[in-house]
Each structure stands twice: as structure tokens, then as C-alpha cells.
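The values are calculated or read from the model by the stated rules, or taken from the named source; none is laboratory data. Worth saying up front: this structure is predicted, and the values here are computed from it rather than measured. No Cβ is skipped: glycine too gets one built from the backbone with ideal geometry, and neighbour counts run over all protein chains shown. These area figures cover heavy atoms from the full protein model, side chains too; ligands, DNA and RNA do not enter into them. Shrake-Rupley method; radii C 1.70, N 1.55, O 1.52, S 1.80 Å.
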Amino acid sequence: MNDLDQTFEDTWKTRSDRLGGLSYAKYLESQEWREVRAKAAKRPHYQACWHFGSTEGLEIHHRSYKWIGTKHAMRGLVALCRECHQRTHDYAKGNRISVRKATNLLKKEKATLEGQGTQLGLGI
Ligand SMILES: [Zn+2]
């Protein structure tokens, strides 16, 4: 399968076509997203931050936009605490990489740092 998550703009254009031209911001206000998010939030897999395991201030994050507007809308979602969520989007923007890449890199970074027994100092 092609990597459709090159950049936010690339991937969202594809999704937007599928949603009849809806922007991502509009999609986030939609009933469809409300339902998908509510469903995800109830599942065991989404009860802790995917990056650091925090159980406070959790938000459902699109690790990938690939499945938005499909019957597999639950795919590509992870729970992140507010702080990690913000950091992920900042990281993607700052490094001009896809949100998916940023989400995965920050997860890997955590594993690496834990392996080294290093303190992250991220205030989490
Ligand atoms: Zn977190």
C-alpha cells in the first residue's frame, strides 16, 4: 500500500475528497467524528497515553488520516494525553513530517530513552 501520509496537506486532500470536500477542521466538528471518538474512548486500548502511559487528559489522536471517512474509521487512532498530543503536532509541523511519522518517532524516542534509563525531562 502506498504511504498516503506524506504530509498533512497531501493526506488530508485525499480524505477530503472522500468526505465531499470537508476540511479537517470541519470533520473534527462532525457527528461522525464525535461518534468515532466516543466509541474509541470507551475501549480498553485508549485508556492511557500511547506515548507515556498517562491516564489524565486523554484525547483521541489521528496517528494516520488514511482511514477517515471509511468504515474502518477506528484504525489509525491512538489515545494521547493533551501534552503528548500537542507535542506530536508541533513535532510534525516543526520537522515538516507527517503526523503519522511524528507520532511513531515520539513513541520510539520514548522506548529508546527508557532503554538507556535516561530521564526525559518532558514534565510528564
Ligand atoms: Zn502523554
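Could you tell me which numbered condition residue 82 fails, if it satisfies all but one of (1) at pLDDT below 95; (2) farther than 19 Å from residue 32 by Cβ?
(1)
So which residues in the stretch 39-67 are more than 21 Å from residue 102 (Cβ to Cβ) and within 15 Å of the chain's Cα centre (by Cα)? Spell out how you get there, then give the answer.
In the first step, residues of the stretch 39-67 are kept if they are more than 21 Å from residue 102 (Cβ to Cβ); the result is 39, 41-44, 47, 55-56.
Matches in the stretch 39-67: 41, 47.
Scan the stretch 82-93 residue by residue and report those that are open to solvent by 40 Å² or more (accessible area, probe 1.4 Å) and hydroxyl-bearing (Ser, Thr, Tyr). Walk me through how you get there before you give the answer.
Of all residues in the stretch 82-93, those open to solvent by 40 Å² or more (accessible area, probe 1.4 Å) come to 82-83, 86-87, 89-91, 93.
91, the sole residue that qualifies.
A quick yes/no check of all residues on (1) crowded, with 18+ Cβ neighbours inside 10 Å; (2) touching a residue at least 60 places away in the same chain (Cβ under 8 Å); (3) among the hydrophobic types (A, V, I, L, M, F, W, C):
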site: 43; (1), (2), (3): no, no, no
site: 47; (1), (2), (3): no, no, no
site: 54; (1), (2), (3): no, yes, no
site: 60; (1), (2), (3): yes, no, yes
site: 80; (1), (2), (3): yes, no, yes
site: 95; (1), (2), (3): no, no, no
site: 100; (1), (2), (3): yes, yes, no
site: 105; (1), (2), (3): no, no, yes
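With the condition kept exactly as written, say whether any residue in the stretch 95-114 is within 16 Å of the ligand (Cβ to nearest atom), within 11 Å of the chain's Cα centre (by Cα) and modelled with pLDDT under 90.
yes
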